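The block underneath contains the structure these notes are about, expressed in structure tokens.
The values are calculated or read from the model by the stated rules, or taken from the named source; none is laboratory data. Because the structure is a prediction, the values reported are computed rather than measured. Cβ: placed from backbone, ideal geometry, glycine included. Neighbour counts: every protein chain shown. Please note that ligands, DNA and RNA were not included when accessible areas were found on the heavy atoms of the full protein model with its side chains. Shrake-Rupley method; radii C 1.70, N 1.55, O 1.52, S 1.80 Å.
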Amino acid sequence: GNIVRIYDKVNEREVLPSHTFANQLQAFEDRPLFWDAWDVDIFYEDKMWTSDPATSVTVVEQGPLRATLEIRRRILHSDYVQRIALRHNSPQLDFDTTIDWRERHILLKTAFPVNILAPTATYEIQWGNVERPTHRNTSWDWARFETCAQKWVDLSEGDYGVSLLNDCKYGHDIKDNVMRISLLRSPTMPDPEADQGEHHFAYSLLPHKGRWNEATIAAAYGLNDPALVFRGQVETGVQGKGVADASFISVDQANVVIETIKRAENGRDVIVRLYESQRRRGPVTLRTGFALADAWRTNLLEEDQVALAITQHTVAFNIRPYEIVTLRLAVAP
């Protein structure tokens, strides 16, 4: 049940170092000195267990769009099932996991050693990202042995990288070339039954050319908010084009992420909140699938600040690195 090789055919790269395992679940003794449910102390790594050999490896999907293996294994006293899927025309490897967690004072991680050399790794935070060292040369580095992140972390060298995505886990560590996500803990204070029972979560490995970019961000959003597909009844879109030709709201810059679209609190307009994700600045054009009457930049209270230049279906504005922008769009009658 171990992954011993991942080969990127498009970029002709071995993703894993030789003689290593990817997606290795690792269990550590987790007994912090003070706050049981809040702290993780660095000496947790002193004692580690790995999974038993798989009890079954089964091909459960083998279609034109996706192939999936189902692997059943056990680690310590906990049984788990993983569905590992590879989709057509995608380098992303998905790990859909269900585990019956029956441990006490155990920290569970999954590890991906990757064939990448980099002194820093990138971690997504709210509306941006930060870099952390991959070494422990100083006391400050030692203190950051566990780093919080949201939907993705990334390790990249000059022309190639690997992103590790997740749908609900926020603890990570990347040391040298090994990327790990913290999956589960089992403290007994203040709740002696904390986290016991069945859990379901997913994470993905995404090899990519160059450094992390909009491909990593889009894939992470896709894992957390997959597209919902249904049959609609819309006859026309922008300027009489079919619905397939029009987005409700879109932007012309790939580094700008549309995070939120909502009805305005006054009930009349549309609020759009977006941000710059890659430390770049410049002009942005937002296009709508409906006719515009007016547009403003607002604050978080949706109070108008600056009127923006519009055409019937576009709004133009400038954005700064990592800036969060809130727009109010007034729909034409």
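Atom-type composition of the exposed protein surface of the chain places 52 percent of the accessible area on carbon and sulfur (1.4 angstrom probe). Shown in residue order for region 92-98 are the 3J(HN,Hα) couplings computed by the Karplus curve 6.51 cos²θ - 1.76 cosθ + 1.60 at θ = phi - 60°: 7, 9, 9, 10, 8, 10, 10 Hz (x for Gly and Pro).
Charge tally around Pro192: other residues with Cβ under 12 Å, Lys/Arg +1 each, Asp/Glu -1 each, net -3.
Each Lys or Arg adds one and each Asp or Glu subtracts one; over the other residues with Cβ under 15 Å from the Cβ of Ala332, this totals +1.
Available extension along the chain between Asp195 and Arg66 is 43.2 nm, counting 0.36 nm per residue and deducting the alpha carbon span. Tell me the net charge near Arg13. Cut-off is 11 Å between Cβ atoms, Arg13 excluded, with +1 for each Lys or Arg and -1 for each Asp or Glu. Residues close to Arg13 contribute a combined charge of -3.
For the chain, lysine pairs with C-alpha atoms less than 20 angstrom apart, excluding pairs fewer than eight positions apart on the same chain, total 9. In the chain, helical runs assigned H by DSSP with n ≥ 4 each contribute -39500 (n - 2.57); averaged across all residues and rounded to the nearest 500, the mean residue ellipticity at 222 nm is -1500 deg cm²/dmol. Taking the longest Cα principal axis of the chain as reference, the axis of helix 214-224 is set at about 70 degrees.
Once each part is reduced to its C-alpha centroid, what is the distance from region 14-77 to region 118-137 in angstrom? Going from one Cα centre to the other spans 23 Å.
In the chain, Cα pairs under 8 Å separated by at least six residues give a relative contact order of 12 percent.
By the Stokes-Einstein formula, at 1.002 mPa s and 20 °C, region 256-333 with its Kirkwood radius over alpha-carbon pairs has D equal to 170 µm²/s. Based on alpha-carbon atoms, the Kirkwood radius and the radius of gyration of region 122-183 give Rg/Rh equal to 0.94.
With every protein chain left in place, what is the accessible area per residue of the chain in square angstrom, probe 1.4 Å?
54 Å²
In the chain, the alpha-carbon atoms span a convex hull of 188 Å³ per residue. Taking all protein chains together and a 1.4 Å probe, the residues Ser247, Ser18, Ser277 rank Ser18, Ser247, Ser277 from largest to smallest accessible area.
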